[in-house]
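To start, the structure itself, in structure tokens.
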Amino acid sequence: MSTVRSAVRVEGVGLHTGEPVTVELVPRDNSGIAFTRIDLAARPIIPASIDFADTTARRTALVRDGVEVVTIEHLLAACFGHGIDALDVRINAPELPIGDGSTGIWSDAIRRAGIMPGAAHQHSPVTLEPLTVSDGAASVSVAPAEYWSVRFEGVFPDGSHQSAEWTAEADFATEFADARTFAPLSQIIALRRDGMIRGGSLETSLVCVDMAITDELRRDVATFWPEVPLRATDEGLLEPQKLCWSNEFARHKLVDLLGDLMLGSMYPGGRFAPVRIVARGSGHVLNRRFVRAVVDAHQ
């Protein structure tokens, strides 16, 4: 069991709500990650558990007794990558800050706070049986292994086939933390036109150009997103965006998966013995189904 050595604060804006938010990561004496809505009078607490998970294609949330905490996956992924499995998260709004669309703000915060190892879990790790959950061509599979590893493979908005793999030897901060979320331009335009992703900008998400950029489109977009110049780069992104890695999309989808796995205690040193997990084209909804199936199979 590990927690942060000292409390650390993170401030920013929610991607979907556009609201300013402050989050404090606080050391925890016992295992588990829990979110407290300190902006509400009752200060309700929601454990980061699959039992309270609610997912859509664009985010993972926790909901308990009508209270929610939204877009938790990047913080949980940073916890996975840095071995944090005991943490109190105090938040004064419904949605965590998006930062630059990566786990960077959380990885940096954890490293600033320092990591304090705690007592080892007093249980014998459960050996998982092989299991696959699928939805059409997308799937997530798990099988026992000698060492932990998690792999993501997929086809992305630019038509590229990419893959990325995490192992316990990986340096999460340098290899995965800065991989940013992404979306097709056509989807972004539709969401912005409908008044959604109010905290979104070219600083919070990579935008993949999947449609012709015409003068008519520029005039239309200027009416509800005037600060964005619609010009494509050689990498198929909107100017001035650039990729950090040629497989940045796959790295970010892998990060999302790591965050979702935390909801079922599926991390090294957690409830389960080492496994190899392979995801093909999955997203938050299928990830949640997978974690739920694993937990239900080993009650």
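The values are calculated or read from the model by the stated rules, or taken from the named source; none is laboratory data. What you see is a predicted model, and the numbers here were worked out from it, not measured in a lab. In this analysis, Cβ positions are derived from the backbone assuming ideal geometry, glycine residues included, and neighbour counts consider all displayed protein chains.
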Fill in the blank from the handout: Expected single match for over 16 Å from the mean Cα position of the chain (by Cα), modelled with pLDDT of 95 or more and more than 26 Å from I197 (Cβ to Cβ) among G114, G118 is G114
Problem - Condition broken by R180, with the remaining ones in (1) modelled with pLDDT of 95 or more; (2) over 18 Å from the mean Cα position of the chain (by Cα); (3) surrounded by 18 or more Cβ atoms within 10 Å (Cβ to Cβ) satisfied - result: (2)
Practice task
Being of a type in the set (S, T, N, Q) and farther than 23 Å from S160 by Cα narrows it down to one of S205, S186, S201, so name that one.
Solution key: S201
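Take the residues in the range 240-290 that are in a loop (DSSP other than H, G, I, E, B) and among the polar types (S, T, N, Q), then tell me which one is farthest from S31 (Cα to Cα).
Out of the qualifying residues, it is Q241.
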Handout entry: Unique residue being over 25 Å from A137 (Cα atoms), within 19 Å of the chain's Cα centre (by Cα) and modelled with pLDDT of 95 or more when the list is W166, W245
Key = W245
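Kindly check whether there is at least one residue in the range 208-218 that is modelled with pLDDT under 90, at negative phi, surrounded by 19 or more Cβ atoms within 10 Å (Cβ to Cβ) and not aromatic (F, W, Y).
no
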Handout entry: Qualifying residues in the range 219-270 (those that are of a type in the set (F, W, Y) and within 18 Å of T174 (Cα to Cα)) - the one surrounded by the fewest Cβ atoms within 10 Å (Cβ to Cβ)
Key = W245
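One line per residue, one yes/no per condition, for (1) touching a strand residue (DSSP E or B) at 6+ places or on another chain (Cβ under 6 Å); (2) without any contact (Cβ under 8 Å) to a residue 40 or more places away in the chain:
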| site | (1), (2) |
| --- | --- |
| A113 | yes, no |
| S124 | no, yes |
| T132 | yes, yes |
| S139 | yes, no |
| V142 | yes, no |
| E146 | no, no |
| V150 | yes, no |
| A164 | yes, no |
| A168 | no, no |
Fill in the blank from the handout: For the range 181-212 the number of residues that are in contact with a helix residue (DSSP H, G or I) (Cβ under 6 Å, 6 or more places away or on another chain) and among the charged types (D, E, K, R) is 1
Problem - Among the candidates A34, A53, A57, residue that is hydrophobic (A, V, I, L, M, F, W, C), within 19 Å of the chain's Cα centre (by Cα) and modelled with pLDDT under 95 - result: A57
Fill in the blank from the handout: Inside the range 60-90, the number of residues satisfying the requirement of being outside any loop (DSSP other than H, G, I, E, B) and either buried (at least 24 other Cβ atoms within 10 Å of the Cβ) or under 16 Å from the mean Cα position of the chain (by Cα) (or both) is 16
Handout entry: Selected residue [touching a strand residue (DSSP E or B) at 6+ places or on another chain (Cβ under 6 Å) and aliphatic (A, V, I, L, M)] from L243, L238, L230, L261
Key = L238
Exercise for the section: Determine, yes or no, whether H284 is more than 23 Å from G195 (Cβ to Cβ), surrounded by 14 or more Cβ atoms within 10 Å (Cβ to Cβ) and touching a residue at least 60 places away in the same chain (Cβ under 8 Å). Expected result: no
Practice task
Just one of (1) under 23 Å from Q162 (Cα atoms); (2) charged (D, E, K, R); (3) without any contact (Cβ under 8 Å) to a residue 24 or more places away in the chain trips up R219, so point out which.
Solution key: (1)
